[in-house]
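K.L.:
Have a look at the structure that comes next, please.
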Amino acid sequence: MGIHRGHKARPAEWLAEQFIYLVSLTAILMVILIFVFVAREALPVVFGRMNSAAARPTIPATEMGILKPDELRDYLGLTPAEFKRMDKEALQALMEVREEEAKEAPKDKDATVNTTEWRYLFGAHQWSDSRPEDRYVWQPIGRIHKYNLIPLIIGSLKTTLVALLFSVPLALAAALYVSQLASPTLKEWLKPAIELLSGVPSVVLGFFGLIVMASFLQHVFGYQSRLNAFVAGIALGLSVIPVVFSIAEDALTSVPGSYTQAALALGASRWQTAWQIVLPAAAPGVFAAVVLGFGRAIGETMVVLMASGNASIVSWSLFDSTRSITATIAAELAEAVFGGHHYRMLFLIGAMLFIVTFLTNLAGDLIMHKLKGRLEGKAQ
């Protein structure tokens with residue numbers, strides 16, 4: 001007797017399959033649309049169509065008729081749709097406003113600099129109103145808007161590095177103990193207790209780092225800045241531990257029991273078996289846990305915003321205040337003028353963060369499959 005499949009034979013199962021299929025496609029589509037939206041808002045900066053110069057060449061309003069429509073639109077900084085909606089009187093008024101703004105523009109040499117150009121975003125520049133050592137400056141508020149990304153990149157890397165150095169050893173040690181060494185009764189209590197940390201809101205961890213951890217660590221290490229990359233990284237590590245632990249513990253538990261039994265039968269201790277047999281066999285899953293922990297750390301916002309000090313300075317010291325990309329977006333996006341160069345810059349660093357996370361996960365996936373193939377004896 002043949003098995004009948006399809007929407008006619010089993011309509012309920014067919015509908016359930018189609019619903020699951022649509023939900024999965026919707027999730028993928030939402031991620032793509034979010035990236036498209038963020039990238040679209042950042043494109044004017046990417047292609048050099050933004051100008052943040054405080055002083056620009058002006059054209060008298062009386063010469064408006066000489067300009068071509070495209071030249072006039074570019075001069076006024078209007079989109080094609082905005083330009084099309086405006087009549088001659090409105091355009092004339094905008095020209096007059098530009099003339100008045102030019103009279104009040106700063107007169108120093110940096111006033112004509114378009115700070116959204118790529119050489120100013122990543123390169124050093126000695127600003128006329130800054131100290132000689134301050135050549136990398138993120139200062140979007142002021143007479144001259146400065147958008148150098150180096151301080152934010154360094155801040156993100158410092159807090160992420162501290163978080164991983166603190167959380168990964170603890171999480172992997174806990175995963176190894178729970179999966180291989182703990183008794184079944186103790187395991188039933190330890191695993192849910194550690195994974196319960198993932199349910200703690202990040203704002204609570206940030207508050208704990210701001211009020212308790214910052215003062216305690218300053219008293220222990222004696223550094224000057226109470227809020228810094230070290231405090232933010234330790235607080236951030238508390239949010240990374242349950243992520244790395246959960247995935248690593250699953251990977252260690254999934255190692256075939258025959259590996260453990262064979263090692264114990266040959267006279268190895270339980271610790272030797274866990275460290276020298278089980279952990280290398282679970283290397284792909286453990287590596288995936290570390291990669292996901294990196295993504296969790298670099299994308300965290302509230303903990304870093306509350307505990308890092310939010311000073312966008314270039315310093316490799318972990319005990320200096322710092323500022324990350326995510327904290328910058330959270331702190332400044334609500335105050336940025338819609339469609340302005342500050343607004344576009346925040347979306348640019350958001351797109352950069354998205355790309356870095358995507359490439360990291362992609363590289364991690366490739367390395368994980370390579371490790372898995374090597375462990376399975378496949379040719380590389």
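The values are calculated or read from the model by the stated rules, or taken from the named source; none is laboratory data. All values reported here derive from a predicted model rather than from experimental measurement. Every residue, glycine as well, gets a Cβ built from its backbone with ideal geometry; the counts of neighbours run over all protein chains shown.
K.L.:
Just to be sure I understand, how many residues within segment 22-68 are hydrophobic (A, V, I, L, M, F, W, C), exposed (fewer than 15 other Cβ atoms within 10 Å of the Cβ) and in the same structural domain as GLN92 (by TED's automatic domain parsing)?
P.N.:
Qualifying residue count, segment 22-68: 1.
K.L.:
Here's something else I'd like to know. Among what's in segment 125-173 and is small (Gly, Ala, Ser) and not assigned by TED's automatic domain parsing to the domain that holds ILE241, pick the residue that is farthest from LEU346 (Cα to Cα).
P.N.:
Filtering segment 125-173 for residues small (Gly, Ala, Ser) gives 128, 130, 142, 155-156, 163, 167, 171, 173.
Applying the additional criterion that residues be not assigned by TED's automatic domain parsing to the domain that holds ILE241 yields 128, 130, 142.
Details: SER128: 25, SER130: 23, GLY142: 16 Å.
Out of the qualifying residues, it is SER128.
K.L.:
Hey, another quick one. Please go through segment 332-352 and pick out each residue that is part of a loop (DSSP other than H, G, I, E, B) and of a type in the set (Phe, Trp, Tyr).
P.N.:
From segment 332-352, those part of a loop (DSSP other than H, G, I, E, B) are 336-340; that's our starting set.
Residue satisfying the conditions is PHE338 alone.
K.L.:
From the list LEU190, LEU152, pick out the single residue that is more than 30 Å from PRO280 (Cβ to Cβ) and assigned to a helix (DSSP H, G or I).
P.N.:
Details: LEU190 fails: more than 30 Å from PRO280 (Cβ to Cβ).
When all the criteria are applied, what remains is LEU152.
K.L.:
Name the residue that is farthest from ALA102 (Cα to Cα), counting only residues in segment 35-70 that are in a helix (DSSP H, G or I) and in contact (Cβ under 8 Å) with a residue 60 or more places away in the chain.
P.N.:
Taking segment 35-70 as the starting set, the residues that turn out to be in a helix (DSSP H, G or I) are 35-46, 61-66, 69-70.
In the following step, the residues that additionally are in contact (Cβ under 8 Å) with a residue 60 or more places away in the chain were identified as 35, 38-39, 41-42, 44-46.
On the way: PHE35: 37, VAL38: 32, ALA39: 32, GLU41: 27, ALA42: 27, PRO44: 23, VAL45: 23, VAL46: 26 Å.
Of everything passing the filter in segment 35-70, PHE35 is farthest from ALA102 (Cα to Cα).
K.L.:
Would it be correct to say that LEU196 is in a helix (DSSP H, G or I), assigned by TED's automatic domain parsing to the domain that holds GLY285, closer than 23 Å to VAL168 by Cβ and modelled with pLDDT of 90 or more?
P.N.:
Values: in a helix (DSSP H, G or I): yes; assigned by TED's automatic domain parsing to the domain that holds GLY285: yes; closer than 23 Å to VAL168 by Cβ: yes; modelled with pLDDT of 90 or more: no.
The answer is no for LEU196.
K.L.:
Still on this structure, please answer the following. Scan segment 94-129 for residues that are among the polar types (S, T, N, Q) and part of a helix (DSSP H, G or I) and jot them down. Outline the logic, then answer.
P.N.:
Quick first cut of segment 94-129, residues among the polar types (S, T, N, Q) only: 112, 114-116, 126, 128.
Residue satisfying the conditions is THR112 alone.
K.L.:
Separate question: Is it true that ALA282 is buried (at least 18 other Cβ atoms within 10 Å of the Cβ), within 21 Å of LYS372 (Cα to Cα) and free of Cβ contacts under 8 Å to residues at least 40 places away in the same chain? Even if it seems obvious, please write down each step before you answer.
P.N.:
Values: buried (at least 18 other Cβ atoms within 10 Å of the Cβ): yes; within 21 Å of LYS372 (Cα to Cα): yes; free of Cβ contacts under 8 Å to residues at least 40 places away in the same chain: yes.
Yes, satisfied.
K.L.:
Is there a residue in segment 213-234 that is part of a helix (DSSP H, G or I), surrounded by 22 or more Cβ atoms within 10 Å (Cβ to Cβ) and more than 21 Å from the chain's Cα centre (by Cα)?
P.N.:
yes
K.L.:
Mind checking whether some residue in segment 227-242 is farther than 22 Å from GLY155 by Cβ and in contact with an Asp or Glu (Cβ under 7 Å, 6 or more places away or on another chain)?
P.N.:
Within segment 227-242, one or more residues are farther than 22 Å from GLY155 by Cβ and in contact with an Asp or Glu (Cβ under 7 Å, 6 or more places away or on another chain).
K.L.:
Does any residue of segment 94-114 turn out to be under 26 Å from GLY350 (Cα atoms), touching a helix residue (DSSP H, G or I) at 6+ places or on another chain (Cβ under 8 Å) and not hydrophobic (A, V, I, L, M, F, W, C)? Walk me through it before giving the result.
P.N.:
Our first condition is that a residue be under 26 Å from GLY350 (Cα atoms); within segment 94-114, this holds for 113-114.
Add one more test, that the residue is touching a helix residue (DSSP H, G or I) at 6+ places or on another chain (Cβ under 8 Å), and what stays is 113-114.
Then drop every residue that is not not hydrophobic (A, V, I, L, M, F, W, C), which leaves 114.
Checked against the condition, which is being under 26 Å from GLY350 (Cα atoms), touching a helix residue (DSSP H, G or I) at 6+ places or on another chain (Cβ under 8 Å) and not hydrophobic (A, V, I, L, M, F, W, C), segment 94-114 yields at least one hit.
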